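Okay, structure first, notes after.
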Amino acid sequence: MRRKAGTLIPIEADILQAARRLQAGGASSFHGHMLATQLQDQTGARQLVAHGTLYKALIRLERAGYLTSAWEDWEQAQREGRRQRRIYWLTTEEDNNGTA
């Protein structure tokens with residue numbers, strides 16, 4: 001079954017809502033684990049959203065224009081002793097014709 005253009009499936013809507021909450025809390029950007037934790041808190045789930053489910057939905061949202069992303073600075077990740085993360089930002093709703 002195909003969905004209509006401009007419609008979101010529940011995980012995508014949940015991601016956008018979680019991203020808006022992070023933004024309202026002062027986070028100008030977010031990474032996948034931060035978002036998964038927010039989703040867990042938002043839904044009261046016992047486990048984090050599955051890696052594949054979350055990142056596939058983030059890719060779809062970026063392709064649809066709801067998010068933008070970029071890899072963080074590799075040197076910063078090295079200084080902090082961790083892997084490099086992909087950082088996401090919400091785009092403005094006007095960019096998405098207000099469909100979110």
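The values are calculated or read from the model by the stated rules, or taken from the named source; none is laboratory data. It should be emphasised that the depicted structure is a prediction, and the values quoted were computed from it without experimental measurement. Quick reminder, even Gly has a Cβ in these numbers, built from the backbone with ideal geometry, and neighbours come from all protein chains shown.
What residue, among those in region 59-91 that are out of contact with any helix residue (DSSP H, G or I) (no Cβ under 7 Å at 6 or more places or on another chain) and aliphatic (A, V, I, L, M), is farthest from Leu16 (Cα to Cα)? Ranking the candidates gives Ala77 first.
Scanning region 71-96 for residues that are more than 15 Å from Met34 (Cβ to Cβ) and surrounded by 11 or more Cβ atoms within 10 Å (Cβ to Cβ) yields Asp73, Gln76, Gln78, Thr91, Glu93, Asp95, Asn96.
With respect to the conditions (1) touching a Ser or Thr at 6+ places or on another chain (Cβ under 8 Å); (2) touching a residue at least 40 places away in the same chain (Cβ under 8 Å), His31 falls short on a single one, namely (1). Each residue in region 60-70 was checked for being part of a helix (DSSP H, G or I) and surrounded by 12 or more Cβ atoms within 10 Å (Cβ to Cβ), and 3 pass.
On the stretch given as region 10-50, residues that are of a type outside the set (S, T, N, Q), in a loop (DSSP other than H, G, I, E, B), surrounded by fewer than 12 Cβ atoms within 10 Å (Cβ to Cβ) and at pLDDT below 90 total 4. Take Thr68 and tell me if it is under 13 Å from the mean Cα position of the chain (by Cα), farther than 19 Å from Thr91 by Cβ and polar (S, T, N, Q). No.
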